[in-house]
Amino acid sequence: MKKRSIALIMAILAVVLCFALAACGGDKNTDGNASDGNASDGNATAGNVVSDYEEIKADGKMVVGMTIYAPMNYKDENGVLTGFDTELAQLVGEKLGLEIEFFEIGDWGQKFNELKTKKIDCVWNGMTITEEALNNSSVSIPYVKNEQVVVMKADVIDNYADAESMKELNFVAEEGSAGESAAIDAGFNCTAVQYQQDALLEVFSGTADACVIDSTMAKSMTGEGTSYADLDYSISLVNEQYGISFRQGSDMTEKVNDVLKELAADGTLKALADKYELTLADELAA
């Protein structure tokens, strides 16, 4: 009888142990993830997630995607990169403790792919805030106002009063740019070129009748005293604003927004805009 009692007790204990283990397993599954060892923070891998800012800071630098055009990013007479966006990016980098490295985007139409594949950390080059930008990146607050304007030879510009009168002209615009979109929307016969500067050169050389480019560039690079003294700009097709694109979900957007607001509050941003004859977006205007 004693041996049978011991065996019975052991069997009962085994059954109890099985139920206990099953109950523990059921508790792990209550949040839909039995393998989640850190369910309390709502993210099983939260301890391993590194923010975009942390990754960039660990690398020691932020790679800024841009193209060459005045007054945003261009080279001075000594071959040194300068311009409004160049200086502003460097100011923001100082505030965030990041070195700024500039990378020239070879194909502006591929800028968001360059961003997603982490070849660059942001697109910062007089980038118009468009639906495409908003759908493919995290965009900063607007920081500069801009327009898409028509540029043509100064001696014929008065012959064209509006977009309708220009429908028979041959236009060029930078591929993937807001200028190209504006030209297409206006119903112009438009050919894409690689850069905005190429568009100016086409008009200057006479291989195109007109181009659509940023007003910021047109003001800086056409007219008396510029490399394109024979060119001038006329009608505005689109009013727009510039923003900075970061990767979708990036915490860099908020950090840079905070620095832009700080630079606006202390007058630094206004002084920089005045230097390059630009108009700040309303949110950052003094």
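Can you pull the percent of segment 200-286's accessible area that's carbon plus sulfur, 1.4 Å probe, other chains left in place? Present the calculation step by step, with values, prior to reporting the outcome.
Numbers: 1770 of 4060 Å².
Exposed carbon and sulfur together represent 44 percent of the surface.
To the nearest 20 Debye, how big is the dipole of segment 84-191 about its Cα centre, given +1 on the beta carbon of each Lys and Arg and -1 on that of each Asp and Glu? Walk me through the intermediate numbers first.
Values: 8 positive and 21 negative charges, 66 e Å.
It comes to approximately 320 debye.
Given a 1.4 Å probe and every protein chain left where it sits, what share in percent of the accessible area of segment 108-171 is carbon and sulfur? List each step's numbers first, then the result.
Details: 1200 of 2870 Å².
Of the solvent-accessible surface of segment 108-171, carbon and sulfur hold 42 percent.
Tally Lys and Arg at +1 and Asp and Glu at -1 over the other residues with C-beta under 13 Å from the C-beta of S165: what net charge comes out? Intermediate values should be presented prior to the final figure.
Working: positive: K167; negative: D158, D162, E164, E168, D209.
Result for the local shell: -4.
Explain nothing, just the number: dipole magnitude of segment 245-286 about its Cα centre with +1 on each Lys and Arg Cβ and -1 on each Asp and Glu Cβ, in debye rounded to the nearest 20.
Charge dipole, segment 245-286, about its Cα centre: 140 debye, nearest 20.
Specify whether the C-alpha gyration tensor of segment 157-254 places it in the rounded, prolate or oblate class, a ≥ b ≥ c being the square roots of the eigenvalues: rounded for a/c under 1.5, otherwise prolate if a/b is larger than b/c and oblate if not. Walk me through the numbers on the way to the answer.
Details: a/c = 2.03, a/b = 1.62, b/c = 1.25.
Prolate.
Run down the lysines and flag those whose C-alpha is under 17 Å from the C-alpha of K153, throwing out any fewer than 8 positions away in its chain.
K167, K219
Mind ranking 182-195, 90-103, 138-151 by how tightly packed they are, going by the mean number of other C-beta atoms within 10 angstrom, highest first? The partial results should precede the final answer.
Working: 182-195: 18.9, 90-103: 16.2, 138-151: 23.0.
Highest-to-lowest ranking by the protection proxy: 138-151, 182-195, 90-103.
At most 11 other Cβ atoms within 10 Å and a DSSP loop assignment: could you name the GluC sites (Glu not before Pro) in segment 183-286 that fit?
Sites meeting the loop and neighbour criteria: E224, E277.
Under a Cβ-Cβ cut-off of 14 Å, what is the net charge of the residues other than S236 that fall near it, where Lys and Arg count +1 and Asp and Glu count -1?
Working: positive: K145, K219; negative: E147, D162, D185, D214, D232, E240.
After counting each charged neighbour, the total is -4.
Counting Lys and Arg as +1 and Asp and Glu as -1, what is the net charge of the other residues whose Cβ lies under 11 Å from the Cβ of Q90?
Values: positive: K95; negative: D85, E87, E94, E99, E101.
The answer is -4.
Please give the per residue accessible area of segment 80-228, computed with a probe of 1.4 Å over protein heavy atoms only, in Å².
Details: 6390 Å² over 149 residues.
I get 43 Å² per residue for segment 80-228.
Obtain the nm distance between the two label points defined at L81 and T117 by a simple spin-label model: each point lies 7 Å from its Cα along the Cα-to-C-beta direction.
So the two model labels end up 1.9 nm from each other.
The values are calculated or read from the model by the stated rules, or taken from the named source; none is laboratory data. What you are looking at is a predicted structure, and each value in this text was computed from that prediction instead of being measured. Cβ coordinates were reconstructed from backbone atoms using ideal geometry, including for glycine residues, and neighbour counts include every protein chain displayed. For accessibility, only protein heavy atoms count, side chains too; no ligands or nucleic acids. Shrake-Rupley method; radii C 1.70, N 1.55, O 1.52, S 1.80 Å.
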